[in-house]
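The values are calculated or read from the model by the stated rules, or taken from the named source; none is laboratory data. What you see is a predicted model, and the numbers here were worked out from it, not measured in a lab. In this analysis, Cβ positions are derived from the backbone assuming ideal geometry, glycine residues included, and neighbour counts consider all displayed protein chains.
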Amino acid sequence: MFKKVLIANRGEIAVRIIRACRELGLETVAVFSEADRSALHVRYADEAYLLGPAPSRESYLRADKILDIAKASGADAIHPGYGFLAEREDFASKCADLGIDFIGPKPSSIAAMGDKGKARATVIKAGVPVVPGTEAVGNMTDDDLLRVAPQVGFPLLIKATAGGGGKGMREVRSLEEMPALLQSARREAEAAFGDGNVYLEKLVEGARHIEFQIIADSHGNVIHLGERECSIQRRHQKLLEEAPSPFLDDELREKMGSVAVKAAQAVDYVNAGTIEFLVDKDRNFYFLEMNTRLQVEHPVTEMVTGVDIVAEQIRIARGRQLSYSQEQVQFNGHAIECRVNAEDPFNNFIPSTGRITHSLLPTGPGVRVDTGVYPGFEITPYYDPMIAKLIVWGETRAQAILRMRRALEEYRIVGVRTNIPFHQTLMDSHRFMGGQFDTRFVEERFSMDAAASESRQAQAEIAAILATLAAHKQAERSAQIVRRNERDTSNWKWVGRWERMHR
Amino acid sequence: MFKKVLIANRGEIAVRIIRACRELGLETVAVFSEADRSALHVRYADEAYLLGPAPSRESYLRADKILDIAKASGADAIHPGYGFLAEREDFASKCADLGIDFIGPKPSSIAAMGDKGKARATVIKAGVPVVPGTEAVGNMTDDDLLRVAPQVGFPLLIKATAGGGGKGMREVRSLEEMPALLQSARREAEAAFGDGNVYLEKLVEGARHIEFQIIADSHGNVIHLGERECSIQRRHQKLLEEAPSPFLDDELREKMGSVAVKAAQAVDYVNAGTIEFLVDKDRNFYFLEMNTRLQVEHPVTEMVTGVDIVAEQIRIARGRQLSYSQEQVQFNGHAIECRVNAEDPFNNFIPSTGRITHSLLPTGPGVRVDTGVYPGFEITPYYDPMIAKLIVWGETRAQAILRMRRALEEYRIVGVRTNIPFHQTLMDSHRFMGGQFDTRFVEERFSMDAAASESRQAQAEIAAILATLAAHKQAERSAQIVRRNERDTSNWKWVGRWERMHR
Amino acid sequence: MKYVTTVDEKEFEIEIVDEHHIRVGDRLLPVNIESVSGQPVFSLILDGKSYESYVYQNEDEWEVLLRGRQYQVKVEDEREKRLKAAAGEGVAEGGEFHLKAPMPGLVVTIPVAEGQEVKKGQVLIILESMKMQNELKSPRDGVVDRVRVKAGESVEQKQTLLSIQ
Amino acid sequence: MKYVTTVDEKEFEIEIVDEHHIRVGDRLLPVNIESVSGQPVFSLILDGKSYESYVYQNEDEWEVLLRGRQYQVKVEDEREKRLKAAAGEGVAEGGEFHLKAPMPGLVVTIPVAEGQEVKKGQVLIILESMKMQNELKSPRDGVVDRVRVKAGESVEQKQTLLSIQ
């Protein structure tokens, strides 16, 4: 059984995994790029090794270097986190070849689910419903795709075969605009995954994104830990997740849960994974894809089930049986996660970089923050803009929303702009409170200005006073500086005069 | 039903109460001393009013001013927190006179339990076992106490009648040393509570301090939320609390719990309160006192029961029934709280003051921090040295200890010394891990140096390297400064020369 | 000191009376403001109400982030404002458009060349930042004048990338 | 640069070879040290092992807080140390004991007077700090020489309170 775990990742998820290892008494090895020398995962690990320059391709995607470090440091297991090498079959295989335990599924399962086309074919065989699309195995040319598109029907989605996280995804409304979109999708997919292949899928309108957390051990036990609602998205990027979904009832939950288990079993799945579904207004659900790794939003499931998913991943990789049977999994209360991104919600969500000069975390009952940043840390443009996850638990959904509101209000981050105001506005949205939203909600029926313009007016006076007092303070300060400088300059003038006199 | 709550307190507990109010949709009013203008409770509240200068007597103990502020601001309820005015019958009465809801017990219950002598007499009548002592009602002179001491038997404790938190408490081993100790106990009690009265109590040796959390509504329902083990103390100050106690089994828990409920009922108790017991080696238990207020260590109970005690306090004060019956209270897992004090554990725990320049909180699954401080905040000598509470939850006690270890290792506070190293050493103590300790453990069988001197040696080389590199960096830096100063000075020399020349 | 402060097209007359008082319109209000830990975060107690806000100076304006809402605030010294109003303000508009990087990033590709005619909405540059590809489009029809960056180049925020004549 | 560094009465010879290497005794080790956020907190990566520690300068010594343990460390420049050893060190001991405040606080009472004889362990001053009363005792027998503070007075840390002859 392994004793030393290399974490092939960075940021909050690397910190999360180091914590789980430490709590299980395992040693940890961090890897880092030149931009991350002072990152939290480097500071918290028992050992830390430099990978290379900041860009991911030269650091966190360097499988070869990571495996060298694993060997040199004596790490006998690797946890890939999410992103980077997490869903690379070849990386998982190489680990196996070197006798290093990969804390994740078998390479064959990654392969089976990693090619989205193959994945659909596989789960269809297992009787899992899928969204109509080009589920044929293999890669299609642009001509093929354009030919088959009208059969799939518009609107449709172009999706990256190797994809995930909305990268390389494009929505197509008509055949005319499709060639240009195919091109940009392939380009983005190539950049993100090193694989430009794409496939087509019918766009389910008014759909909700609901996913099931699966855990499976190597003894044939597979259970689900309930669902997460992830419909709050922007540009196909999840922004907020919650558990349970306000849209599911117990009957549908049970049905989807058992389908999810079936999908996982279809690829002989071991370790933690997620089955993503689209659910339409009439509660029909379709398999979307399986993420064969730990998910960003795993904490909401942890909060409502009490299961430590990362610890469970490690136990499974060590050959243990699951700690829970399906019947032992109890759901308690409601959890919400807000992804805190370094981006400016008032300026079209453009990424924000810079050094964090101050930070104040919300704490107290029912609040959890998973983050990899701290005051003094520099946010660079090289990596994902997500700098923290704020997770709250409440006895009910309403209570969780109230708690999230106060936590967001408490959270201070100075030095970069964040999307915290977006989440604050969302928490005030009546549609969100009522659970009435789909995956298009943020882009189509949500505005940063819309909410409560009455209270905006009431606060405008306060804003005016704050700005005036700040401006006044600044004017006073600069007056002082000018006065001080005048004295200083006059001394230097003397020096200048003295020098001139003695030239 | 009240809508605006004044919090008559400061620090982490004021923040804790503001959070609960906000999560219930109630408005909050903070009060603050001149030292606390930028304290977190002031920043988080909806309203904030100055009380007066830093010393508690001129600020947080000014009941008159606090009531004036309540009236002026329209606050229709007051939460007293712990300490300060929390157990002052007269304050609770005045609130009632002014039509302000006091979020706590009735004045009569405070009075009945506040005088420790009366309290003992009351519970004895209800059939609750007590430690032998001078339970007679009324205040005794030194002469009386010296006369009665041999009957109580040595060793005994002198305790403040109005007391709590170990203040005014002295241990007496013989009649000879008793006069001097009486004097110092009275002096400390007078300073802390404005009341120098004391009483005597037999010292139960090898005892554990185990207390039960009670909640009671105004409809006659009284339940307990299980126990907290608080035997880790120093100078009668609790340093660490946990729930459940590793010493109790279900049978004893049920027995003590029902006795605790009986004690609360004996004074017609409403709201949250705590019944403290001493438990000796043979599992005999004795009523010690009742704290008629929220307790510092309430979070450990929250973590294992899922009950939000402060929210429940507020609901009770609003006239609601308890949200739980005794049967509905479930205990799940294990929680530990470490009190983080601004004091130097390597220097006889002397208090440490100063400005916090940097802080990094431990976060992640199962970790909660309740604190009132942040980077930039100044720790003054005017108030309690407790600056934060670090609370963790684990499925088992062993898991909670492992999690606490990693959380303590992550916690950084720069600017003041803290007792975090004390807690780290404690977590490594085999006796603590084995649950083998009593209230004298820290003072008599624990040392900051004792634990693992082997690993100390292994780390000594690392310490040497760290200091050498820091010294080397500093030497390099000062060399640079000297060089820069040389240039600067030379310029100023020129000025001086120029001035002399033109005199 | 008197200021005229504009938020959401509404004007407020705010006078700093002394260290502890301001006058807003006709109302004299007790005030206390502190910057938190020397940061652009201000704790304001105004007539007993406690507020906390980020206040940034953004060129000539102030940006106030309060309870999840952002306000662009113009603060003018009353005397200054009168002078300006008297002089009148003329805004000159240049003919050339300079495409500036809205964020730091890496130039992925430049699908246009110098001298090329472009249409409004046409992609001029694709900029990669934080793993997202961002298409920077032309705001109007015109001719590409100067291309100042190359594909593969890292650029700073607000750096001029190319110009449209 | 070579140093002789003493911890727990054990001496370590540490040479700063270059920016990335040190020599400890005979071992050449790759090293990387960074102060965290400009604080006296150091992140050290030594031969792949990651450590983090508070390092404070305390008069002539360094205080290292590492994994919950505190080390008093003496760092001496090798050359300096040799010179000192050659010259020999004479430690002069004064006859007077100065009672200094171990923490900032308020003098509650001074149960002794100038000229009074005191015994070892006798309470000289009661100092209140953070709601605790602290008895400051005499380390030896002697006579109270000068009392420099009054009851009710606030004192700073390390301020001299009284002297014992």
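Here's the yes/no breakdown for (1) in a strand (DSSP E or B); (2) modelled with pLDDT of 95 or more:
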| residue | (1), (2) |
| --- | --- |
| C:43 | yes, yes |
| C:89 | no, no |
| C:98 | yes, no |
| C:115 | no, no |
In the stretch A:281-306, the residues that are within 20 Å of the chain's Cα centre (by Cα) and in a loop (DSSP other than H, G, I, E, B)
A:292, A:293, A:294, A:295, A:296, A:297
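Every residue, every condition in (1) surrounded by 18 or more Cβ atoms within 10 Å (Cβ to Cβ); (2) under 22 Å from residue A:400 (Cα atoms), yes or no:
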| residue | (1), (2) |
| --- | --- |
| A:222 | yes, no |
| A:225 | yes, yes |
| A:236 | yes, no |
| A:243 | yes, yes |
| A:247 | yes, yes |
| A:252 | no, no |
| A:261 | yes, no |
| A:264 | yes, no |
| A:271 | yes, no |
I'd like the residue in the stretch A:145-200 that is more than 14 Å from chain C (Cβ to nearest Cβ) and polar (S, T, N, Q) and, out of all such residues, is farthest from residue C:127 (Cα to Cα).
A:151
Residue B:9 is checked against (1) surrounded by fewer than 22 Cβ atoms within 10 Å (Cβ to Cβ); (2) more than 13 Å from chain C (Cβ to nearest Cβ); (3) not in a helix (DSSP H, G or I) and fails just one. What number does that condition carry?
(1)
Pairing a residue in the stretch D:60-71 that is at the interface with chain B (Cβ under 7 Å from one of its Cβ atoms) with any residue that is among the acidic types (Asp, Glu) and part of a strand (DSSP E or B), where Cβ atoms lie under 7 Å and the two sit 6 or more apart in sequence or on different chains, gives D:70/D:63
The stretch B:364-388, subset of a type in the set (Phe, Trp, Tyr) and within 14 Å of chain C (Cβ to nearest Cβ), residue surrounded by the most Cβ atoms within 10 Å (Cβ to Cβ):
B:377
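Hey, which of the helices (runs of 4 or more DSSP H) in the stretch B:407-469, taking only ones fully inside, have at least 3 residues that are facing chain D (nearest Cβ under 8 Å)?
Those helices (runs of 4 or more DSSP H) span B:420-427.
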Exception for residue B:354 within (1) surrounded by 20 or more Cβ atoms within 10 Å (Cβ to Cβ); (2) within 24 Å of residue B:83 (Cβ to Cβ); (3) over 19 Å from the mean Cα position of the chain (by Cα) falls at (1)
Quick one: which of B:219, B:209, B:224 is at pLDDT 95 or above and within 29 Å of residue B:183 (Cα to Cα)?
B:209
Single unsatisfied condition, residue D:68 versus (1) under 24 Å from residue A:30 (Cα atoms); (2) at pLDDT 95 or above
(2)
Taking residue B:54 as meeting all but one of (1) under 25 Å from residue B:318 (Cβ atoms); (2) more than 14 Å from chain C (Cβ to nearest Cβ), write down the number of the exception.
(1)
Taking the stretch B:406-444 and keeping only residues that are of a type in the set (Lys, Arg) and either in the same structural domain as residue B:155 (by TED's automatic domain parsing) or under 21 Å from the mean Cα position of the chain (by Cα) (or both), one is left with B:412, B:417, B:440
Just the residues that are in a strand (DSSP E or B) and β-branched (Val, Ile, Thr), please, taken from the stretch B:153-202.
B:158, B:172, B:198
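How about the stretch B:168-197: which of its residues are under 14 Å from residue B:236 (Cβ atoms) and surrounded by 19 or more Cβ atoms within 10 Å (Cβ to Cβ)? Give the steps one after another, and end with the answer.
Looking only at the stretch B:168-197, we keep the residues that are under 14 Å from residue B:236 (Cβ atoms), and these are B:168-172, B:181, B:184-185, B:188-189, B:192.
Within the stretch B:168-197, B:168, B:169, B:170, B:172, B:185, B:188, B:189, B:192 qualify.
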Only one of (1) more than 19 Å from the chain's Cα centre (by Cα); (2) surrounded by 15 or more Cβ atoms within 10 Å (Cβ to Cβ) is not met by residue C:56, so which one is it?
(1)
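Taking the options C:106, C:124, name whichever one is within 14 Å of chain A (Cβ to nearest Cβ), more than 22 Å from the chain's Cα centre (by Cα) and in a strand (DSSP E or B).
On inspection, the qualifying residue turns out to be C:106.
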Within the stretch C:23-49, the count of residues that are among the hydrophobic types (A, V, I, L, M, F, W, C) and over 30 Å from residue B:373 (Cα atoms) comes to 2
Regarding residue A:32, is this residue on the phi > 0 side of the Ramachandran plot, touching a helix residue (DSSP H, G or I) at 6+ places or on another chain (Cβ under 9 Å) and within 14 Å of another protein chain (Cβ to nearest Cβ)?
no
State the number of residues belonging to the stretch B:339-363 that are at the interface with chain D (Cβ under 8 Å from one of its Cβ atoms) and hydroxyl-bearing (Ser, Thr, Tyr).
3
Which numbered condition in (1) touching a helix residue (DSSP H, G or I) at 6+ places or on another chain (Cβ under 7 Å); (2) over 16 Å from residue B:467 (Cβ atoms); (3) hydroxyl-bearing (Ser, Thr, Tyr) is the only one that residue D:3 fails?
(2)
Looking at the stretch A:203-232, which of its residues are of a type in the set (Val, Ile, Thr) and either closer than 15 Å to residue A:436 by Cβ or in a strand (DSSP E or B) (or both)?
A:210, A:214, A:215, A:222, A:223, A:232
Would you check if residue C:17 is within 10 Å of chain B (Cβ to nearest Cβ) and either more than 14 Å from residue A:467 (Cα to Cα) or hydroxyl-bearing (Ser, Thr, Tyr) (or both)?
no
